1. Condition first: in a loop (DSSP other than H, G, I, E, B) and not aliphatic (A, V, I, L, M). Now tell me which residues in region 74-94 satisfy that.
2. Quick one: Gly160 ticks every box in (1) under 30 Å from Thr91 (Cβ atoms); (2) among the small types (Gly, Ala, Ser); (3) exposed (fewer than 15 other Cβ atoms within 10 Å of the Cβ) except a single one, so which number is it?
3. Quick check on this structure: which one of Tyr67, Tyr42, Tyr105 is assigned to a loop (DSSP other than H, G, I, E, B), modelled with pLDDT of 95 or more and among the hydroxyl-bearing types (Ser, Thr, Tyr)?
4. Looking only at residues that are without any contact (Cβ under 8 Å) to a residue 24 or more places away in the chain and over 24 Å from Leu58 (Cα atoms) in region 151-186, which one is farthest from the chain's Cα centre (by Cα)?
5. For Ala230, are the conditions met, namely being assigned to a helix (DSSP H, G or I), among the small types (Gly, Ala, Ser) and closer than 30 Å to Leu268 by Cβ?
6. Quick one: Ile84 ticks every box in (1) surrounded by fewer than 19 Cβ atoms within 10 Å (Cβ to Cβ); (2) in contact with a strand residue (DSSP E or B) (Cβ under 6 Å, 6 or more places away or on another chain); (3) β-branched (Val, Ile, Thr) bar one, so which box is it?
7. In region 162-220, which residue that is part of a loop (DSSP other than H, G, I, E, B) and touching a Gly at 6+ places or on another chain (Cβ under 7 Å) is farthest from Glu149 (Cα to Cα)?
8. Given the conditions (1) assigned by TED's automatic domain parsing to the domain that holds Val173; (2) free of Cβ contacts under 8 Å to residues at least 24 places away in the same chain, report the number of the one that Ile103 does not fulfil.
Amino acid sequence: MFIYVVKIGALGVSLLTEYILDELADRNIKVRVFTTGSKMKYFEQSEFENVLKNNPDLIIFISPVAYFPNPRKVIDILRKKPLIVITNELTPEFEETLSEEGIGYIVVKADSMIGARREFLDPTEMTLYNSDLIKVLSITGVFRKIQFEIDKTIDSIEKGKLSLPKLVIDSEVAVNSAGFKNPYARSKAMAAYEIACLVSKISNRACFEEKDPKKYILLASTSHELMRIAARLADEAREIEKTNDSVLRTPHAKTGEILRKEKLLEELSKH
């Protein structure tokens, strides 16, 4: 199984998606990555056509706001192969278009826009924000849900019956995949996810609406403080599960099969 992960721009999920497919580096798949870094434009069409020339079995395309013109251009190129689009926002119209064209999609609402104002955002602030965001996406169950959905697609390709996800991950979908046993842990995780969703609204105001630096700098900072609080809540949820010895783990076997355990010292079983 040969998988290509293609990224334009930056999302929290884009930082680690290729790693959650083969976390122990011994699975029987081959993964390659092409990225334009933080830019969502200024790319050559031929760069994405070269991805197709490598003849992957599956392409995972990750981009913010996938209905924007530049991501749509890339989708039109890559759709010649089985394709899953992972993004943080879709319009109902474009969601319907993807479905009609046989393209899979996963929408992660909590993968919120960063506070991208030069007076506020330096490389340190950017990496700190993403570390908080990744913690939220990990603990609340987003990465696990993505793991499950991509693994289902891989299995369907191997069996010759292609099945692609059509999924919007909200707080309930995410937390159901996290496997929380304690209701307080579950509520903290859902709160973390919902707070993370709010971040985009404030970041959007900071980046595109406010013109006064004194206002947009504070708004950008506010959005990052919210993500930090979301990460703390998520961390508290996981600590509760640790105390109860009920942290769900779902590693891959070498064959790609998902294994499972809920207690730290118990043996792995089939999912």
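The values are calculated or read from the model by the stated rules, or taken from the named source; none is laboratory data. Remember, it's a predicted structure, so these values are computed and weren't measured experimentally. For neighbour counting, all protein chains shown are included, and Cβ atoms are generated from backbone atoms with ideal geometry for every residue, glycine included.
1. Going residue by residue through region 74-94, those that are in a loop (DSSP other than H, G, I, E, B) are 79-82, 88-91.
If the condition is that a residue be in a loop (DSSP other than H, G, I, E, B) and not aliphatic (A, V, I, L, M), then Arg79, Lys80, Lys81, Pro82, Asn88, Glu89, Thr91 are the ones that fit.
2. So Gly160 meets the others, but not (1).
3. On the way: Tyr42 fails: modelled with pLDDT of 95 or more; Tyr105 fails: assigned to a loop (DSSP other than H, G, I, E, B).
None of the other options fit; the residue is Tyr67.
4. Start the filter on region 151-186 by keeping residues that are without any contact (Cβ under 8 Å) to a residue 24 or more places away in the chain, which leaves 152, 156, 159-161, 163, 172, 183.
Narrowing the set further to residues that are over 24 Å from Leu58 (Cα atoms) leaves 172, 183.
On the way: Glu172: 16, Pro183: 25 Å.
The qualifying residue farthest from the chain's Cα centre (by Cα) is Pro183.
5. Values: assigned to a helix (DSSP H, G or I): yes; among the small types (Gly, Ala, Ser): yes; closer than 30 Å to Leu268 by Cβ: no.
Against the criterion (assigned to a helix (DSSP H, G or I), among the small types (Gly, Ala, Ser) and closer than 30 Å to Leu268 by Cβ), Ala230 does not qualify.
6. Failed condition: (1).
7. First, pick out the residues of region 162-220 that are part of a loop (DSSP other than H, G, I, E, B): 162-165, 170, 179-182, 210-212.
Now drop any that are not touching a Gly at 6+ places or on another chain (Cβ under 7 Å), which leaves 164-165.
Details: Leu164: 8, Pro165: 6 Å.
The residue in question is Leu164.
8. Checking Ile103 against (1) assigned by TED's automatic domain parsing to the domain that holds Val173; (2) free of Cβ contacts under 8 Å to residues at least 24 places away in the same chain, the one that fails is (2).
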